[in-house]
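Below: the structure, in structure tokens.
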Amino acid sequence: MARRCNEFAAQLVQSRPDRFGSFAALPLPDVDGALEELRYALDVLKLDGVLLFSNVQGIYLGDPRLEPVFTELERRAATVFVHPNPSPDPVAHRLGLPDSLIDFTADTTRAVAEMLYSNRFARTSNVKYIFSHAGGTIPYLAGRFGIVDEMRVIPGADARRTAAETFRGLYWDTALAFGDPVLRMLRSIVGLRQVMCGSDYPYFRRDLAVGCIAALRRTEELAASEREAVLGANALKLFPRLADGSTSP
């Protein structure tokens with residue numbers, strides 16, 4: 001399935017390289033299969049990066065079982081887009097609410113926390129991570145992460161940067177997270193040079209997706225230079241191929 005998705009995506013990119021880019025799907029938790037697909041997608045199909053989920057069958061991105069995949073991503077200095085999956089905890093679903101309302105944001109937060117405190121980020125400093133939905137609840141909880149760092153209650157602190165330093169090195173998109181309060185938090189916590197436009201379309205209804213882009217264009221929270229950066233310039237720094245419309249990786 002991952003191979004079919006990646007080859008279909010590559011066809012779209014090749015048809016309109018000035019308009020489309022694509023992240024490679026990996027068949028995790030099959031590590032050997034993921035490594036094979038990673039090489040094929042980046043070396044043969046020339047896709048622009050990799051898509052990972054916050055957890056796969058309850059295995060989160062800081063899990064040591066995934067170490068070979070992240071070693072290869074680090075070697076390639078790859079761009080990795082992280083999107084949430086539903087929590088593996090059945091308690092999270094007993095309220096009968098859609099996963100996208102609360103649990104997706106919570107699962108992104110779990111993934112970021114585990115990657116930070118397992119030292120996954122520290123071991124993959126060359127990987128360029130993008131987290132969807134403004135990182136879930138990370139901007140709101142940044143102060144709590146700072147307290148945990150000050151208390152030094154989680155082992156391995158000497159081998160990693162603080163949460164605040166780490167967050168400023170990650171990228172965050174605005175899918176379902178485009179309101180002025182979120183933009184203010186992102187400016188304060190990570191800086192708007194690390195923020196890029198996202199819409200969640202087609203999972204988000206088209207008119208609502210268009211509306212969130214319009215909100216970014218008209219908000220008074222962003223200065224003109226910040227608006228330009230969030231709506232495109234920040235992304236083009238990560239994907240310079242799209243700036244000139246070429247097909248090279």
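The values are calculated or read from the model by the stated rules, or taken from the named source; none is laboratory data. It should be emphasised that the depicted structure is a prediction, and the values quoted were computed from it without experimental measurement. When we count neighbours, we look across all protein chains shown, and the Cβ atoms used for this are built from the backbone with ideal geometry, even at glycine. For the accessible areas, the whole protein counts, side chains as well, though only heavy atoms, and no ligand, DNA or RNA atoms are used. Shrake-Rupley method; radii C 1.70, N 1.55, O 1.52, S 1.80 Å.
Please indicate, with yes or no, whether at least one residue in the stretch 194-201 is in contact with a helix residue (DSSP H, G or I) (Cβ under 9 Å, 6 or more places away or on another chain) and surrounded by fewer than 17 Cβ atoms within 10 Å (Cβ to Cβ).
Checked against the condition, which is being in contact with a helix residue (DSSP H, G or I) (Cβ under 9 Å, 6 or more places away or on another chain) and surrounded by fewer than 17 Cβ atoms within 10 Å (Cβ to Cβ), the stretch 194-201 yields at least one hit.
Got a sec? Which of 112, 56 is modelled with pLDDT of 95 or more and over 22 Å from residue 159 (Cβ atoms)?
The unique qualifying residue is 56.
Every residue in the stretch 105-151 that is closer than 25 Å to residue 93 by Cβ, aliphatic (A, V, I, L, M) and open to solvent by less than 20 Å² (accessible area, probe 1.4 Å), please.
Hits for the stretch 105-151 are 111, 112, 115, 134, 138.
Of these, 187, 160, 168, which one is out of contact with any strand residue (DSSP E or B) (no Cβ under 7 Å at 6 or more places or on another chain) and either open to solvent by less than 30 Å² (accessible area, probe 1.4 Å) or over 24 Å from residue 114 (Cβ atoms) (or both)?
Of the residues listed, the single one that is out of contact with any strand residue (DSSP E or B) (no Cβ under 7 Å at 6 or more places or on another chain) and either open to solvent by less than 30 Å² (accessible area, probe 1.4 Å) or over 24 Å from residue 114 (Cβ atoms) (or both) is 187.
Examine the stretch 54-70 for a residue that is within 30 Å of residue 243 (Cα to Cα) and open to solvent by 20 Å² or more (accessible area, probe 1.4 Å), and state whether such a residue exists.
no
Given the criteria at pLDDT 95 or above and more than 30 Å from residue 3 (Cβ to Cβ), does residue 137 qualify?
Yes; evaluated as a whole, the condition is true for this residue.
Return the pair list, or none, for Cβ contacts closer than 6 Å from residues in the stretch 122-133 that are touching a residue at least 24 places away in the same chain (Cβ under 8 Å) to residues that are open to solvent by less than 20 Å² (accessible area, probe 1.4 Å) and among the aromatic types (Phe, Trp, Tyr), at least 6 apart or on different chains.
124/70; 131/172
Please go through the stretch 21-46 and give me each residue that is open to solvent by less than 20 Å² (accessible area, probe 1.4 Å) and either among the charged types (D, E, K, R) or touching a Pro at 6+ places or on another chain (Cβ under 8 Å) (or both), ordered by number.
33, 34, 37
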